[in-house]
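Heads up: the structure comes next, in structure tokens.
We did not get these values from a lab; they are worked out from the coordinates using the rules stated. Please read these numbers as outputs of a predicted model, since none were measured by experiment. Positions of Cβ are backbone-derived with ideal geometry, glycine not excepted, and every protein chain shown enters the neighbour counts.
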């Protein structure tokens, strides 16, 4: 190489070195941007508890956990909650189901193409004993009574009947 070419070559190498240094410094100066790793593909979601009973106006919280194909819990998953019947129950973005009308609603949680459901049974706010109406015929089940929790009850020895 002749001296002029050698000087140009050294200058070019030095210039590229500075360019690389400037790029490295420039990228590190962007600083506040956080890079997060992508979530692994989800295999399933599990909701706990699996079911609950609330009175109209009451709420129950549910916890969703996502798992990868190895069965490990995956953190940082954004869950989407919905309800099968908004006239019976609503559900918040945090998985809190609230009874708004008597009946059963499925609360559905989805993320990453997988989902799970949980049953929310909503009962009346009436206190004490009450007579349960048959869902099939709309007629009262005379002599059969239930507590508001919907799980306990009994029958009287002589049911009243009207013909």
Rounded to 5, the percent of DSSP beta bridges in the range 42-123 classed as antiparallel: 85 percent
Per-residue Cβ neighbour rank within 10 angstrom, fewest leading, 68, 116: 68, 116
Alpha-carbon gyration tensor eigenvalues x 5, square-rooted, for the range 42-123, Å: 25, 10, 10
Neighbour-count order for 34, 72, fewest beta carbons within 10 angstrom listed first: 34, 72
Residue 59 paired with residue 82, simple spin-label distance in nm, labels 7 Å along Cα-to-beta-carbon: 2.2 nm
